[in-house]
Amino acid sequence: GQNIDQPTEMTATEGAIVQINCTYQTSGFNGLFWYQQHAGEAPTFLSYNVLDGLEEKGRFSSFLSRSKGYSYLLLKELQMKDSASYLCAVSPGGSYIPTFGRGTSLIVHP
Amino acid sequence: IAGITQAPTSQILAAGRRMTLRCTQDMRHNAMYWYRQDLGLGLRLIHYSNTAGTTGKGEVPDGYSVSRANTDDFPLTLASAVPSQTSVYFCASSTGAYNEQFFGPGTRLTVL
């Protein structure tokens, strides 16, 4: 089986930095995805990590440690539009189909 | 069509009725997926298809069936709807292994 854990909710201030953690336990590993989902909308792809380390993409960065079963999504210079749910998804060994965590609802306030 | 579309946008259905949710993509993606999303439970995979002509069961397949007659279309059928199938349904596609998924806008289904 698979187990993916993320905090249910986080709050942060506009202009600040926030780190959303994701821990996982899977049978094997074939990559970790982060998606953003605004209320009432579809998820959209943010990042993919398969090797250890940090992947930076503009204001968003994603980190992976395979040995620790741990990833985080780092959002810098927070904007009000970053208020959304952030979904961590892991592809286990032997399958390319990711399993999604329950998501972290991020609220950015002025 | 641009990307991936779903129909209907929303539907209220009487329990026991048959319903087909439609999904069409024009990106020529090999893999397609159906998820349901319920508050507090996240996205759960119902069925998937690696390529036209093949389908597989996901985490919560009971009460649902799919077909993949061609690359573009991946309909999801509820043979006899029950209230527990009230949910938001997302269709997604990807080019294949280890690639990000592109999601449709979703169908909000209410079964009374």
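Can you name every residue in region A:29-46 that is more than 8 Å from every other protein chain (Cβ to nearest Cβ) and open to solvent by 10 Å² or more (accessible area, probe 1.4 Å)? Once the filter is applied, which keeps residues that are more than 8 Å from every other protein chain (Cβ to nearest Cβ) and open to solvent by 10 Å² or more (accessible area, probe 1.4 Å), region A:29-46 yields A:Phe29, A:Gln36, A:Gln37, A:His38, A:Ala39, A:Gly40, A:Leu46. Given the criterion assigned to a strand (DSSP E or B) and touching a His at 6+ places or on another chain (Cβ under 9 Å), identify the matching residue among A:Ser85, A:Ser62. After applying the criteria, what remains is A:Ser85. If you check every pair at least six apart or on different chains, which have Cβ atoms under 6 Å apart with a residue in region A:73-93 that is closer than 11 Å to A:Gly15 by Cβ and open to solvent by 30 Å² or more (accessible area, probe 1.4 Å) first and a residue that is among the aliphatic types (A, V, I, L, M) and at pLDDT 95 or above second? Here the result reads A:Lys76/A:Ile17; A:Met80/A:Val108, each pair linking region A:73-93 to a residue that is among the aliphatic types (A, V, I, L, M) and at pLDDT 95 or above.
For region B:67-85, filtering for residues that are outside any loop (DSSP other than H, G, I, E, B) and in contact with a Lys or Arg (Cβ under 9 Å, 6 or more places away or on another chain) leaves 5. Scanning region B:11-38 for residues that are in contact with a strand residue (DSSP E or B) (Cβ under 6 Å, 6 or more places away or on another chain) and assigned to a loop (DSSP other than H, G, I, E, B), we see that the one that is surrounded by the most Cβ atoms within 10 Å (Cβ to Cβ) is B:His29. Among the candidates B:Leu109, B:Leu41, B:Leu78, B:Leu45, the residue that is open to solvent by 60 Å² or more (accessible area, probe 1.4 Å) and aliphatic (A, V, I, L, M) is uniquely B:Leu41. Of the residues making up region A:8-27, those that are within 13 Å of another protein chain (Cβ to nearest Cβ) and outside any strand (DSSP E or B) number 1.
The values are calculated or read from the model by the stated rules, or taken from the named source; none is laboratory data. This is a predicted model, so every value here is computed, not measured. No Cβ is skipped: glycine too gets one built from the backbone with ideal geometry, and neighbour counts run over all protein chains shown. Side chains included, ligands, DNA and RNA excluded: accessible areas come from the protein's heavy atoms. Shrake-Rupley method; radii C 1.70, N 1.55, O 1.52, S 1.80 Å.
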